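The values are calculated or read from the model by the stated rules, or taken from the named source; none is laboratory data. In this text, all values refer to a predicted model and were calculated from it rather than measured experimentally. All Cβ positions, even for glycine, are placed from backbone atoms using ideal geometry, and neighbour counts span all protein chains on display.
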Amino acid sequence: MTSKEIRSTFLQFFEARQHTIVPSAPIVVKNDPTLLFTNAGMNQFKDYFLGNRTPESRRIVDTQKCLRVSGKHNDLEEVGVDTYHHTMFEMLGNWSFGDYFKKEAIEWSWRLLTEVYRIDPDQIYVTVFEGDESEGLPFDQDAYDEWSKWVETDRILKGNKKDNFWEMGDTGPCGPCSEIHIDCRSKTEREEFDGRNLVNEDHPQVIEIWNNVFMEFNRLKDGRLQELPEKHVDTGMGFERLVRVLQQKKSNYDTDVFSGTIDAIEKICGMGYQGSDSREDIAFRVLADHIRAVSFAIADGQLPSNSGAGYVIRRILRRAVRYYYSYLGSEDALLYRLVPVLSEQFEDVFPELSNQQEFVAKVMREEEESFLKTLEKGLRKIDEVIRQSQGGAVVNGQVAFELYDTFGFPIDLTRLIASENNFTVDEEGFEQEMQKQKNRSRAATSIDTGDWVILKESTGSQFVGYQDLMIETEVARYRKV
Ligand code: ATP
Ligand code: MG
Ligand code: MG
Ligand code: MG
C-alpha cells in the first residue's frame, strides 16, 4: 500500500463505522494561551471533553498535523538520530464523544490492524494500565477483558502511570490508555529474544504505533477522581510509523512518506543517502523532517520570528540550515527548493500547502539566506573556542550569547554543535547574559510553553530562570512577587 492508500484506508474504515471525517486543525494554535502548537489529535477537541462545547458528531475521524518540539512533548533531539520520532508528524485518530467506549475501540483497532492492514498478530503487543493504588487508580480490567477476546493474553502487558494513564492537566478529564506496539524484527529474532521485554524501551524495531485513551474520570481540585457522566475515546496513531510497519521498512525515512524529499535532497547536494548513522545521513533525515515542520507552520500562518511560536520555527529552520551547510556541502539556500515536492505530496490531504506554495518557499528562502550570511562566521567562532579551549570542555556563557546575539545561533544549535565536539554549554552564564540584555531593553514578557499551563503576565515580576531552553531561548519565566 502507498502511504496515501494507508491514510485513506484509516479514514474510510472509521467512516464506514459512522465517523465523520473532519480536517486537521492548523499546526499553530492561535486561540489557546496554554499551547503553542498542536501536539496531539485531541487538542482541537479539548472543549468537547471539557463539556464546554457539543460536538456536531459523536464520532469523528481525522489525521492531525502535530508538532512536538516544546513543552511536555519535545522530541527534537531524537529527530534524525532515531528513525521514528519526527518534529512534525500526522496523528491518525478516531474519536467517540460520549458514544462508544472500550469494547468497540479495541475491537476496531484490532480488526483494522490485523484484518485490513494485515499485520501479523505475532508482531503485536498491547498494554493496559496496571493501576496505581497510591492514587486510587484501578487496574484497567475492562480493557484487559476486551483485549483478551482478540489477543493472546501473554501479549497483553501491564503498563505504568507514565505510559498508560492520560491526564489533560492537574484537573479535568483523564483515564487509562492502551497502547499498541509492533515488533518489526524478523521472525527468527523474535523467537530468539522475547519482544515483550523491548516494549517501551526505545528499541528501534519495537515501536509504539497507536494509543487508545479511555477518558472515564474527572480529576477534581482536591485530587479525587469522579466518574465522568459521559465517557470518551481519544486515539492517536503515528501515521509515518504505521506506513513504515506496513511497507516493511527499517526506518520511517525509507517509506514513500519521505523518499520524494530525500531523493530531491540527493539531487541538489549530489550525495547519496545510505540510511546509516553517519552525520551525513543524520543530516538527510533532519532535513527531510524539518522541512515538513517549517513548511506546514508557515502555511498555517506562523512566520519565523524572534519570539514565541515564531522563534520555535526559526530555530528548527536554522538547525536544518546548519545541518546541510556542515554535512551536505551546501552553501546555498536549499530548503525552499523542497517545498514543491511536499506540496505535491500533500495536495489531496493538506491543500493549505499547495495553495500557498510560492509564499511558503519565499519566506523560507529569505530566512535561509539571512542565516547563511552569519552562519560561517559563527561556526568559525565556535570552532576557535573549541580548538583553543584549555581544560574544561565548556563553551562559556558570553560566547554562547555572542553566537546568539551576533550570529543568530539559537542556544540549542550552539548546544548541538558543542555536544558533537564533546563540549557542554554554560547555560547559566548564557542566561545571565540574556538577562542583562533583557534588563537593558526592559522587555519582560512571560510565556510558559508547557502543554496545558495558563499563561501569566505580571508587572511586578522576578526572574526565576528559563523554563525550558530547548523551547524558548529568549523568553524568560517570571514569577509574581
Ligand atoms: P513515544 O513513546 O514513541 O515517544 P508517545 O507515547 O509520546 O510516543 P503518544 O503521545 O501516545 O506518543 O501519541 C500517539 C502516537 O503518536 C504514538 O503512538 C506514536 O505512534 C505517534 N507519535 C508520538 N510522537 C511522535 C513523533 N515525535 N513522531 C512520530 N510519531 C509520533
Ligand atoms: Mg513521546
Ligand atoms: Mg510512549
Ligand atoms: Mg504513547
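Odds and ends about this structure:
- Residue within the range 16-39 that is touching a residue at least 24 places away in the same chain (Cβ under 8 Å), within 16 Å of ligand 3 (Cβ to nearest atom) and small (Gly, Ala, Ser) present: no
- Residues of the range 1-26 that are closer than 15 Å to VAL349 by Cβ and either in a helix (DSSP H, G or I) or at pLDDT below 95 (or both): SER3, LYS4, GLU5, ILE6, ARG7, SER8, THR9, PHE10, LEU11, GLN12, GLU15.
- Sole residue being touching a Lys or Arg at 6+ places or on another chain (Cβ under 7 Å) and part of a loop (DSSP other than H, G, I, E, B), chosen from TYR125, TYR84, TYR100: TYR84
- Filter result for ASN212 (assigned by TED's automatic domain parsing to the domain that holds PHE239, within 27 Å of GLU104 (Cβ to Cβ), part of a loop (DSSP other than H, G, I, E, B) and touching a helix residue (DSSP H, G or I) at 6+ places or on another chain (Cβ under 9 Å)): no
- Residue pairs meeting the criteria (Cβ under 8 Å; at least 6 apart or on separate chains; first assigned to a helix (DSSP H, G or I), in the range 352-374; second of a type in the set (A, V, I, L, M) and surrounded by fewer than 21 Cβ atoms within 10 Å (Cβ to Cβ)): VAL363/LEU303; MET364/ALA333; ARG365/ALA333; GLU368/ALA333; GLU369/ALA333; LEU372/ALA333
- Sole residue being outside the structural domain of HIS181 (by TED's automatic domain parsing) and touching a strand residue (DSSP E or B) at 6+ places or on another chain (Cβ under 9 Å), chosen from VAL233, VAL257: VAL257
- Test set (1) within 20 Å of LYS158 (Cβ to Cβ); (2) within 15 Å of ligand 2 (Cβ to nearest atom) - MET91 fails condition number: (1)
This table checks each residue for (1) surrounded by 23 or more Cβ atoms within 10 Å (Cβ to Cβ); (2) among the acidic types (Asp, Glu); (3) within 30 Å of ARG315 (Cα to Cα).
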| position | (1), (2), (3) |
| --- | --- |
| ARG53 | no, no, no |
| ASP62 | yes, yes, yes |
| TYR100 | no, no, no |
| GLU104 | no, yes, no |
| ILE119 | no, no, no |
| PHE139 | no, no, no |
| ALA143 | yes, no, no |
| TRP150 | no, no, no |
| ARG155 | no, no, no |
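- Residue selected from the range 50-81 under the condition away from ligand 1 (no atom under 14 Å from the Cβ) and farther than 26 Å from GLU352 by Cβ, by the criterion modelled with the highest pLDDT: ARG58
- Candidate set: the range 1-30, residues that are touching a strand residue (DSSP E or B) at 6+ places or on another chain (Cβ under 8 Å) and among the basic types (Lys, Arg); chosen: the one surrounded by the most Cβ atoms within 10 Å (Cβ to Cβ): ARG7
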